[in-house]
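Below is one structure; the comments refer to it alone.
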Amino acid sequence: MKVLGQKSKEFKLQRAVVVSLAACLTVASYSANAGDVQTEGFTLAPSLGYLTHSESRQGAEDAADASIAAGYQFASPWALELAYTISEPGNPIASGDLDANQIRLDSLYHFGKSGKAQPYAVFGVGKNEISGGPNDVDETLLNAGVGLKYQLSKALSMRTDVRAIAGLDTDTMETAFNLGVHYVFGKKAAKSKPVSKPAAAAAPMPIKVTDTDGDGIADSADKCPNSDAGSKVDQNGCYRVLKEDVRVELNIQFANNSDAVVSDSFAQVEELATFMREFPLTNVEIKGHTDDRGAATYNKQLSQKRAQAVADILVDKYSIDASRITAKGYGEEQPVASNDTAAGRVANRRVEGVVSATVEKIIK
């Protein structure tokens, strides 16, 4: 009977390991067709690990374990997980292995992202059950640790962490090492459809009739009969007017995690202000941006502060009416370069603005 019981326990652990590995493979195969990078949504994180015991708990020895965690990643640095862990540590005191199970509710806090790597802290509370030894254990536990996620694809990351797990009732301590994958199920950004361009209007056919000034328009329809021969005129025989768009562009870079406008950028702001005074009917949208390091919510707030800082200079220093200025932060949503390089991140930490006006020039 002991042999059968031991085989049953071994089968249970093997089954947990197989389920965890199968979940890893399923998540990995699904992520191959994933779209945009997910920053919010439900999460699934199977893993394998190892538990070490700094103090004896029912004679339990160090052992491998298998875990599965499901939760939700919020649109902030925070995430919440419900995790279940199973292991069968050896027991030199009693014959056969022990049955050890943990269920935990954990909080994760993610720090700033560096390239594809993102560190995080984890802490939580749970329940620990050990049976099969001289005395069964049923206790409350606390755990805390640090970990790292490394992005493999749009929604899939490798994940590893180390934790200290304290048993409150038995006054014992465990150390847990885990390695697995982390998948985020979320909505993908809809792809914008290309806007079709209107077909160019066909040029009017010239009328071969009496044309005194030689501009190609018949005298009967020529409202400007004294135009120069061979000049470019409209259908009324008058000189054509070219409507030309003139514009001023603003592109200011910012230091990492800063919304301060450096003095080297003031010349661009002054040029924009001069243009807006020359064309008093123009308005401008000041657009703030960041790189992708840090949480998306924080980056949106930082980009708004950057845009507002430039808008305030236009109003306070150059007396541009605030009603003509809109400041809006876009966070990390509109990069102009890759965030995987330092130069690309510098280019993405920016404030943009474009002001345009139409002027008319006579073409002869």
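What follows draws every value from the coordinates through simple rules; no lab data is involved. Predicted model only: the values in this text are computed from it and were never measured. Note: ideal-geometry Cβ built from the backbone for every residue, glycine included; neighbour counts use all protein chains shown.
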Any idea what % of Cα-Cα pairs in segment 100-180 are farther than 23 Å?
-> 32 percent
What is the pair-distance distribution P(r) of segment 303-364, computed from all Cα-Cα distances in 5 Å bins starting at 0, with each bin given as a whole percent?
-> 4, 14, 19, 18, 13, 12, 9, 6, 4, 2, 0
To the nearest µm²/s, what D does Stokes-Einstein give for segment 215-309 at 10 °C and 1.306 mPa s, using the Kirkwood radius over alpha carbon pairs as Rh?
-> 90 µm²/s
Sorted by packing (mean other beta-carbon atoms within 10 Å per residue), highest first, where do 282-295, 99-112 land?
-> 282-295, 99-112
Computed from the mean reciprocal separation of all distinct C-alpha pairs, what Kirkwood hydrodynamic radius does segment 239-363 have, in Å?
-> 15.3 Å
